[in-house]
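Structure record follows, encoded as structure tokens.
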Amino acid sequence: MTFDLRRAEPGRSSVMTWLLIVPTIVFAFFATCIATDTSAILRTDARVADWAYDITAGRPRLVDALDVVAIVFSNAACGIALALMAIYALVRRERVVALWVVLSGIVGIGGNALLKQLFTRTRPSFDEPLHEIGGYSFPSGHSAGAGMFFTVAVLFTIILTGRGLKRRVLITILVLLALGVGASRIFLGVHYLSDVVAGLSFGMAVTIGLWMLIVGGSSRLPYAAAMITGSGRKRVAVVINPSKIADVEDFKTRVRTVAEGSGWNEPIWFETSVEDPGHGQATAALAQGVDLIIAAGGDGTVRAVCEKAARSGTAVGIIPLGTGNLLARNLAIPLNTRDALDVAFGGQDRAIDLSTLETDSGTSTTFLVMAGLGMDAAIMTGVNDQLKSRVGWLAYFVSGIKAARFPAMKVQITVDDGEPRKFRARTVVVGNVGFLQGGIPLLPDAQIDDGLLDVVVIAPKRFIGWLAIIVRIVGRRKRTNERLDRLTGQKVHVRAEKPVPMQLDGDPVGEGQEITAQVQPGILLVRVPVAPASA
């Protein structure tokens, strides 16, 4: 998970203001009512307290459960959780976020204690109390702590996750937990309704206010920095693969919204075709002098655009819409379209390597991710397109099981014009990046900007041998042997004993016996998420 403070920037600047104003007004209302002994509020509090007591009394298991909630969500427990969150932010070099977390805890918990001394409201009284507790009642300390802690947790969730169902589910759960903690205080008979509502409002207002004061606005700095490599005219071209988009017009509307909000001009649109996956469109975009080209499609579209944008000084933004999206995954570009657009228009430019690939058939092309021959290419060739459309990259797993018995082949590998080395392999992969789908570190030392290519040679003797190799790959073990070997260099030549399947960035490219890959260091600018500030 990556921190991206821009995710917490709402589409309308007034949203955060209202999230501060509303709980502030709610707290002020109840504080005024309690200070002036407003009879309507006092009667409502008494009726709700009696109703809740009648439900809980006589149910010892419910009382025990409410006692557990009181312990789990006590101010001490919230303080420990906040400290861990602050430490995590510091480890990720997000010092401003860490400061906000710490101050939210101090002001939220400490401020509530001071308010209790100011209002000195007595707690609900019953002949047979369900829970013995001292101190004053208004505002509820547990509720204030919950309002503060869960607001912190919601904002943490937003800046760590992309838009989508996962984020909505997590936020819903956090909100319900906050409300549940507040309700537990009423049903335990230790607080009135107004205590709880005021406490939740106070905790939320403090946290949002400190966010706006400490963190708000700091995430907008990259927008200016993102134009350093361009002309400053903020002209953008978007190359779309329409086969990857259900509603092209809706997609264009979303792009326009983010572009306008980031100060960019109306995008220039290009659509790919079966005959031209993006080369001609990228060439036309560069001819118009754009500052940014956005490639919206799968790895094939991205590769075609990047090939033409290399050495141009024009950055490429990536909207990953394919199944593999390996380049986006390795560059930490969000897979969610809206978050990817935020990165494209407001990220920072990173110079990365591009690699050329020549085959024995005389073709010459480029790759950004990985090229290979043998079993890995057989997997790509054997993927069922209908299954891929339904389950995504898991279709590759199904194809991999079928291809696991791909026969071993004799290969000869030469690195940087050195002495050829002979191997018996099931598959050979030459990579510019290290990770496959699911974060599998096939080439754990590969860096996309180190000016080197990494090679892995995999050769299990039997089907069961794949288990040992999987353990070694996932565990990132450095030891190599005849079953799994690694090589590194700027130029790699691989020659198989007979024609075998070949793949390029996850796309099958027919059969052949030889490939020659050579890295071109730092010739391509790609828009990536803004790196955290150095400690």
Of the candidates Pro129, Pro139, the one satisfying the condition of being crowded, with 21+ Cβ neighbours inside 10 Å and not in a helix (DSSP H, G or I) is Pro139
Filter the stretch 36-77 for residues that are of a type in the set (Gly, Ala, Ser) and more than 18 Å from Arg123 (Cα to Cα); the one that is surrounded by the fewest Cβ atoms within 10 Å (Cβ to Cβ) is Gly58
All-but-one check, Leu188 against (1) surrounded by fewer than 24 Cβ atoms within 10 Å (Cβ to Cβ); (2) closer than 14 Å to Ser137 by Cα, failing number (1)
Screening Val302, Val239 for residues that are touching an Asp or Glu at 6+ places or on another chain (Cβ under 9 Å), at pLDDT 90 or above, crowded, with 16+ Cβ neighbours inside 10 Å and more than 22 Å from Pro521 (Cβ to Cβ) leaves only Val239
Exactly one of Leu155, Leu174, Leu165 is over 19 Å from Ala28 (Cα atoms) and without any contact (Cβ under 8 Å) to a residue 12 or more places away in the chain, and that residue is Leu165
Taking the stretch 489-535 and keeping residues under 35 Å from the mean Cα position of the chain (by Cα), basic (Lys, Arg) and over 23 Å from Leu354 (Cβ atoms) leaves none
Apart from one, (1) under 30 Å from Met409 (Cα atoms); (2) in contact (Cβ under 8 Å) with a residue 60 or more places away in the chain; (3) surrounded by fewer than 24 Cβ atoms within 10 Å (Cβ to Cβ) all hold for Arg311; the odd one out is (1)
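The values are calculated or read from the model by the stated rules, or taken from the named source; none is laboratory data. Keep in mind that this is a model prediction, so the values were computed, not measured. Backbone-built Cβ (ideal geometry, glycine too); neighbour counts: all protein chains shown.
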